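The values are calculated or read from the model by the stated rules, or taken from the named source; none is laboratory data. Here the structure is a predicted model, which means the values were calculated and not measured. No Cβ is skipped: glycine too gets one built from the backbone with ideal geometry, and neighbour counts run over all protein chains shown. These accessible areas exclude ligands, DNA and RNA; they are computed on the full protein's heavy atoms, side chains included. Shrake-Rupley method; radii C 1.70, N 1.55, O 1.52, S 1.80 Å.
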Amino acid sequence: MAARRNVNYTPLPADEIDDYDGLDSGRNDPRFQYRPGVYDKIPWKSIALALFLLLLGSLLLFLSFFILTGHMGGEKSQAYGLLALGILAFMPGFYETRIAYYSWRGAKGYRFASIPDY
């Protein structure tokens, strides 16, 4: 374990002390500005991407299922590859689509602001 260093701290000079109390004292900090319309903006591109990933993942999962059960031609290694890609596409698509659906329905705790906008 490293030895503690002996550092003598000195207080800041009075002209360098930041006495910002959250009120607008000449500065404009966007973190403290509330605009209700921000949370109501619907991220259409993100929802379209989520729906695309959901449909693509579902298609890949169905194809892998049909290959594994023998209803389609193909090798097992192809089915496992499609299964992995299907899971990778389905999971984020389902997650974002679920958030968008519950936000649209107005469920408590779900907002369109939870979906990243591109």
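Give me the 1.4 Å probe accessible area per residue for region 62-112, excluding ligands and nucleic acids, in Å².
Dividing the accessible area of region 62-112 by its residue count gives 73 Å².
Once each part is reduced to its C-alpha centroid, what is the distance from region 84-118 to region 42-73 in angstrom?
Their Cα centres are 15 Å away from one another.
With each label point set 7 Å from Cα along the Cα-Cβ vector, what nm distance links Y9 and A48?
Spacing of the two 7 Å Cα→Cβ label points: 5.3 nm.
Sort the following peptides by mean Cβ neighbour count (other Cβ atoms within 10 Å, averaged over residues), highest first: 48-54, 100-106.
48-54, 100-106
Tell me the carbon and sulfur percent of the accessible area for region 71-118, rounded to whole percent, probe radius 1.4 Å. If you can, show how the numbers build up before the last one.
On the way: 2250 of 3570 Å².
The nonpolar share, carbon plus sulfur, comes to 63 percent.
For M91 and D117 in the same chain, what is the full-extension length gain: residue separation times 0.36 nm, less their Cα-Cα distance, in nm?
Additional length available on full extension: 7.5 nm.
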